[in-house]
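Notes to accompany the following structure.
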Amino acid sequence: HLSLTVTEQSRLIIVGRTGTGKSSLLRAIAGLWYRGEGEITVPQDDHSCLFLPQRSYTFIGDLRSQIYYPAATSPVSDQQLEELLEKVCLEGLSERHGGLDSRKDWARTLSLGEQQRLGFARLLLAKPRFVFLDEATSALDHPTEAILYQQLAESGIAYVSVGHRDSLMKYHSQALCLEGNGEWRLLPASAMSLRALDV
């Protein structure tokens, strides 16, 4: 019986023990999960919502297209793409791999942490109204995680995170705690401890 509204000012984190349905809830919001009953209303235009998984999708192609995906063409100059990489702690990535025209299998080339930072570059470029992050900083150290969430907060994009780190709490105003068996609580994120939940 979960009933919740996510506004354009939302900074919500979803927490709970393994198996309580955190990722399943995000899949349902994305229209990928049809088990259960209920109604989910999301903006209908293609650019309002972006979902950022733990491992960002990459493909064989040039580095430039990895950054502006899912757009078909880059909406900004190459210099702005390079500046965006610096913002998400990927400075020097282009130079190390032969420039923005370099074609590679990026899933095999980039570490998980680099793929997660690339995901943040994409969302900052796409500027959706809402972003849903499913453990999107799990491979990053705390200082890098802080930089990325600061960039996200400054962008004005509303965000909903799923995570298992206490360090995430300070970047959110509310915590939705899924307790299993359909039970849930909505609390101030500052009052939530993941250690107390044993997650």
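The values are calculated or read from the model by the stated rules, or taken from the named source; none is laboratory data. Since we're looking at a predicted model, the values are computed, not measured. FYI the Cβ positions are ideal-geometry reconstructions off the backbone, even for glycines, and counts take in every protein chain you see. What goes into the accessible areas is simple: the full protein's heavy atoms, side chains included, and nothing from ligands, DNA or RNA. Shrake-Rupley method; radii C 1.70, N 1.55, O 1.52, S 1.80 Å.
General remarks:
- Only a single item in (1) charged (D, E, K, R); (2) farther than 30 Å from Gly98 by Cβ; (3) surrounded by 10 or more Cβ atoms within 10 Å (Cβ to Cβ) is not met by Asp45, and it is number (3).
- Matching entry among Leu26, Leu2 (being farther than 30 Å from Lys104 by Cα, in contact (Cβ under 8 Å) with a residue 60 or more places away in the chain and in a helix (DSSP H, G or I)): Leu26
- Test: Arg117 is touching a Leu at 6+ places or on another chain (Cβ under 7 Å), at negative phi and among the basic types (Lys, Arg): yes
- Looking only at segment 100-135, and only at residues there that are charged (D, E, K, R) and touching an Asp or Glu at 6+ places or on another chain (Cβ under 7 Å), the one that is modelled with the lowest pLDDT: Arg129
- Positions within segment 71-93 being of a type in the set (D, E, K, R) and assigned to a loop (DSSP other than H, G, I, E, B), in sequence order: Glu91
- Spans of strands (runs of 3 or more DSSP E) in segment 94-199 with at least 2 residues open to solvent by 60 Å² or more (accessible area, probe 1.4 Å): 103-105, 174-180, 183-188
- Residues satisfying the stated conditions in segment 1-42, i.e. hydroxyl-bearing (Ser, Thr, Tyr), exposed (fewer than 11 other Cβ atoms within 10 Å of the Cβ) and under 13 Å from Ala158 (Cα atoms): Thr5, Thr7
- Among the residues making up segment 111-126, a single one is more than 13 Å from Ile67 (Cα to Cα) and in contact with a helix residue (DSSP H, G or I) (Cβ under 8 Å, 6 or more places away or on another chain): Gly113.
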